[in-house]
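Here the structure is laid out as structure tokens; the discussion comes afterwards.
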Amino acid sequence: MPLLEIRGLKKRFGGVVALDGVDVDIDDGDILGIIGPNGSGKTTLFNVVAGVHKPTAGRVVWRGRDITGLATHQIARAGIARTFQQAMAFTGLSVGENVRIAFEHGAGDHQSGGSRWKSYEEILDFLELSEVAPELAGTLPFGHLRRLGIAIALAIKPHLLLLDEPAAGLNDGETTELAGIIQRLPGEGIGVCVVDHDMNLIAALCKRLAVLDFGTKIADGPADAVLRDPKVLEVYLGDAA
């Protein structure tokens, strides 16, 4: 059974169809990449799965349980965490305080499984943020702020982490370092689904890709095969070139 099953997912905003019957599975221990042009529905897909938006139709099944339309806090407590395109933290608190608050107040009914971390300090170590733990989040360089957003998401002890453009704004060195951290997450008991336009990051991380275009899934399979698909080259990679 897949960790997450998305079936026939549709989302309309007035007359705009953002998702049109999307089917996607995420397996335990997977790092799935979701790519597509701007406006293809990638972030909307994350928002529906995470409970930010209720779907117009379709189902989201999490570890065999239908969670379609549940509130964001219920989905987080079930074991799904997400990051956002904007690097988000309480800027007036220290790095350590941000992660500690999430660790102490974010864990829910999924605590018996998932990651091995027993303290927020261990999460800081994993994200290589221990040295800056006393610093105010608002003073961090952007690369560290990106990592802090991931640390906060991991602090709720998820089984699945949705990463929305984690490399946005990072230089090549920072992206490579971040990829190394993300690659270790399945070994910590956390599945990963990542949306990003940085194809170097996607290629480094993902053995499997799903491609959206105008809210419709047009490809899904091994990364090498998907990236050679003529339709994908036409609607996404061709545009990017």
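Values in this text are rule-based calculations from the coordinates and carry no lab data. Bear in mind the structure is a predicted one, so any value in this text is a computation, not a measurement. For neighbour counting, all protein chains shown are included, and Cβ atoms are generated from backbone atoms with ideal geometry for every residue, glycine included.
Values for this structure:
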read-out	value
Placed amide H near T56: partners under 5 Å, 5+ positions off or other chain	K10, K11, R12
Burial ranking of peptide ranges 224-234, 126-136 (average Cβ count within 10 Å, highest at the top)	126-136, 224-234
Sequence-distant lysines (8 or more away, or on other chains) whose Cα lies within less than 26 Å of K54	K10, K11, K42, K157, K217
Additional length obtainable on full extension of the chain from A204 to E122, 0.36 nm per residue less Cα span	27.0 nm
The chain, Cα convex hull volume normalised per residue, Å³	120
Residue-by-residue Karplus 3J(HN,Hα) for the range 117-133, coefficients 6.51, -1.76, 1.60, Hz, glycine and proline x	5, 9, 8, 5, 5, 5, 5, 4, 4, 4, 8, 6, 10, 4, 5, 9, 4
Length gained when the stretch D172-L136 is fully extended (0.36 nm per residue, less Cα-Cα span)	10.5 nm
Cα-projected label distance for F214 with H197, points at 7 Å along beta-carbon direction, nm	2.0
Built amide H within the under 5 Å cut-off of R82, gap 5+	L162
FRET E, pair A71, D23, Förster distance 30 Å, beta-carbon r, rounded to 0.05	0.80
Given charges at beta-carbon only (K, R positive; D, E negative), |dipole| of the range 1-51 in Debye	420
